[in-house]
Amino acid sequence: MPSYLQIENISKSYGPKVLFENIAFNINEGDKIALIAPNGTGKTSLMRIIAGKDKSDSGGSIKFLKEIRIAFLEQEFEHNPDLSIGETVFSGDFEQELRAKRILDELGLRPEQKMNELSGGEVKRVAITQMLAQDADFLIMDEPTNHLDLDAIEYLENYLKHSRCTLFMVTHDRYFLDRVCNTVMEMDRGAIYIYKGDYENFLVKRDERIANYNAETDKVRNVLRRELEWMHATPCARSGKAKYRKQAFWELKDRAEQAYVTKEISLSEMGGGSRLGTKIINCRDLCFSYDGKPYISHFTYNFQRYERVGIVGANGVGKSTFINLLINGDLPSIQRGESLKIGYYRQSGMTFDEDETVLEVVPDTHLLGKFLFPHDMLNNRISRLSGGEKRRLYLLTILMKDPNVLVLDEPTNDLDIVTLNILEEYLLEFKGTLIIVSHDRHFLDRLVDHLFVFCGDGVIKDFIGGYTEYRSFIKDYEAEKKRLAAASRPQKAAQVPAAPAPAKPRKLTYKEQKELEQLEKSMESLNAEKLELEALLNGGTSDYQQIRTASERYRALKDELDVAELRWLELSEI
């Protein structure tokens with residue numbers, strides 16, 4: 001494949017902090033690259049330099065080797081809130097306008113809607129539309145899935161997977177990365193490493209690279225010990241030695257201190273949750289509407305100890321409202337246990353004093369180190385942190401309080417993959433009740449046992465299983481609906497000669513009559529059992545084993561009913 005882009009010797013610093021220095025790499029036509037690095041190491045700065053929105057400190061060169069169209073999706077979409085969606089997206093190019101209208105329709109947006117009426121997720125959909133409508137050859141995207149709901153993520157994922165565009169993006173969404181990208185680029189300690197393949201391959205190859213680096217470091221340390229003996233020799237003996245060897249010693253010492261710490265970072269020392277009583281949060285016939293729009297309708301459920309529930313649904317359907325009611329709502333339909341110690345991570349919960357230092361916000365150097373804040377960052381003011389570093393610090397302020405109920409509202413936004421892996425490991429060990437609102441499918445699949453699916457108009461359904469199981473169920477359900485709809489359509493009569501007079505209709509045999517009577521009794525019994533199971537599954541008072549057993553029986557029972565009803569129809573028509 002021909003090279004689209006050549007980057008040579010570009011650098012970026014902010015004050016004394018060097019993000020990257022003299023890095024170089026190529027991007028070829030057809031590459032779909034995911035850039036991975038911890039927050040605060042310069043991912044966004046690198047993308048802005050490539051997109052022409054910023055400049056390299058050291059000059060260097062950025063060469064596009066052919067005339068190509070470039071589109072850049074930034075994390076924050078700059079727009080005029082007084083304009084409509086159409087005015088924001090459309091240009092004078094008629095062909096592009098048609099393309100934009102089609103994408104808006106597929107993303108559930110209307111051109112006449114005002115930008116100031118949109119949720120954060122809807123604004124992100126507008127930004128996605130504007131980018132895709134340009135039909136660019138080269139897409140640069142900074143966290144494209146942030147604030148998108150799952151339907152929009154899957155739409156974008158499918159679009160990019162089948163597009164012939166070249167792609168360079170930063171993402172924390174590991175499923176999105178695997179399904180869209182063919183290359184992982186890691187930026188580590190100012191150097192660039194390229195890995196062809198998926199995220200799992202990146203992890204394996206990165207571990208190999210680190211193991212080789214550390215083995216080389218061990219060799220350097222052995223040499224350093226010999227040189228250290230020479231440096232400790234008498235001044236008289238040392239004075240006759242070459243100056244270059246003294247300089248080489250300090251360079252060797254610097255290299256010997258650069259080993260990677262490969263031990264998994266565990267947060268279990270932060271506590272596993274205060275003791276939790278049997279009563280958590282009980283909801284009985286909970287209803288909530290705003291401006292005449294129902295968000296929650298007749299919701300009844302008792303949360304349990306050690307439960308892990310994910311909350312999913314479209315943007316604006318009421319997920320955050322539901323969470324706020326559970327935690328803060330003063331309603332008779334919500335009762336909370338006395339032993340609750342709730343840790344609540346909110347999308348808009350950061351209220352730092354920008355002049356405070358990292359250590360002033362969290363005065364515990366051990367915990368800060370565990371959460372990837374090295375010693376040389378502790379006296380940095382909050383104003384100097386990246387958006388992701390602020391999110392990481394905010395998360396730490398919540399986890400360090402040792403809650404027994406953790407409520408996380410979109411915790412994965414703005415966090416890098418390294419931090420997400422650490423957070424997941426902590427949550428897997430968490431001894432408390434976990435409630436997660438998230439659009440990160442990998443995060444949900446790893447951590448939750450069941451989902452509350454917000455369907456709109458106040459309807460909330462409970463689904464046993466993770467997100468991948470839920471999507472598989474929905475796709476099978478929709479495919480079956482289409483099949484049944486197609487089968488029920490009247491078929492066009494074929495042009496055939498007039499049929500002979502019909503024979504006398506046959507009657508049911510004695511055996512068929514008995515079968516029909518038995519089917520009617522069996523269907524009555526099965527329907528009664530179905531109603532009992534629905535009441536149990538929707539009651540919210542059963543334990544997990546009861547719910548899982550009931551759910552499995554419910555699926556089997558529906559299959560039995562389908563077979564019985566089909567046979568009953570066949571016999572009834574005779």
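The values are calculated or read from the model by the stated rules, or taken from the named source; none is laboratory data. Because the structure is a prediction, the values reported are computed rather than measured. Cβ atoms come from the backbone with ideal geometry, glycine included; neighbour counts cover every protein chain shown. For accessibility, only protein heavy atoms count, side chains too; no ligands or nucleic acids. Shrake-Rupley method; radii C 1.70, N 1.55, O 1.52, S 1.80 Å.
Once R0 is set to 56 Å, what does the formula 1/(1 + (r/R0)^6) return for the Cβ-Cβ distance between Tyr290 and Arg225, expressed as a FRET efficiency to the nearest 0.05?
The value I calculate is 0.20.
May I ask you to order 104-116, 443-455 by the average number of other C-beta atoms within 10 Å around their residues, highest value first?
The densest-packed peptide leads the list: 443-455, 104-116.
Highest mean first, how do 331-342, 43-54 rank when packing is the count of other Cβ atoms within 10 Å averaged over residues? Don't skip to the end; give the middle numbers.
Numbers: 331-342: 14.3, 43-54: 19.3.
Highest-to-lowest ranking by the protection proxy: 43-54, 331-342.
Which of the three applies to segment 387-481, rounded, prolate or oblate, going by the alpha-carbon gyration tensor with a ≥ b ≥ c and a/c under 1.5 meaning rounded?
Taking the square roots of the gyration eigenvalues as a ≥ b ≥ c, segment 387-481 is prolate.
Going by the alpha-carbon gyration tensor, a ≥ b ≥ c the square roots of its eigenvalues, is segment 325-406 rounded (a/c under 1.5) or, if a/c is not under 1.5, prolate (a/b greater than b/c) versus oblate?
Judged from the Cα gyration tensor, segment 325-406 comes out prolate (a/c at least 1.5, a/b above b/c).
When you count, for each residue, the other Cβ atoms within 10 Å and take the mean per peptide, how do 523-531, 473-481, 402-410 rank with the highest first?
402-410, 523-531, 473-481
Over segment 296-453, what percent of the accessible surface lies on carbon and sulfur atoms, probe 1.4 Å?
46 percent
So for the pair Arg489, Gln513, with labels modelled 7 Å out along Cα→Cβ, what separation do we get in nm?
Between Arg489 and Gln513, the label points sit 4.1 nm apart.
Shape call for segment 1-121 from the C-alpha gyration tensor, a ≥ b ≥ c root eigenvalues: rounded (a/c under 1.5), prolate (a/b greater than b/c) or oblate?
Prolate shape, in that a/c is at least 1.5 and a/b is the bigger ratio.
Can you give the local net charge around Ile103? Use residues other than it whose beta-carbon is closer than 12 angstrom to its beta-carbon, Lys and Arg +1, Asp and Glu -1.
Charge balance in the 12 Å sphere: 0.
Taking a 20 Å limit on the Cα-Cα distance, which of the listed pairs Lys17/Lys124; Lys319/Lys558; Lys370/Lys390; Lys461/Lys530 fall beyond it?
Lys17/Lys124; Lys319/Lys558
Run the numbers for Ala528 and Asn28: contour at 0.36 nm per residue of separation, minus the present Cα-Cα distance, in nm. Please report the intermediate quantities before stating the final value.
Numbers: separation 500, 0.36 × 500 = 180.00 nm, distance 6.28 nm.
This chain segment gains 173.7 nm when fully extended.
In a shell of Cβ-Cβ distance under 12 Å around Leu359, excluding Leu359 itself, what net charge do Lys and Arg (+1) and Asp and Glu (-1) give? Present the calculation step by step, with values, prior to reporting the outcome.
On the way: positive: Arg381; negative: Glu356, Glu360, Asp364, Asp376.
Taking every other residue near Leu359 into account, the sum is -3.
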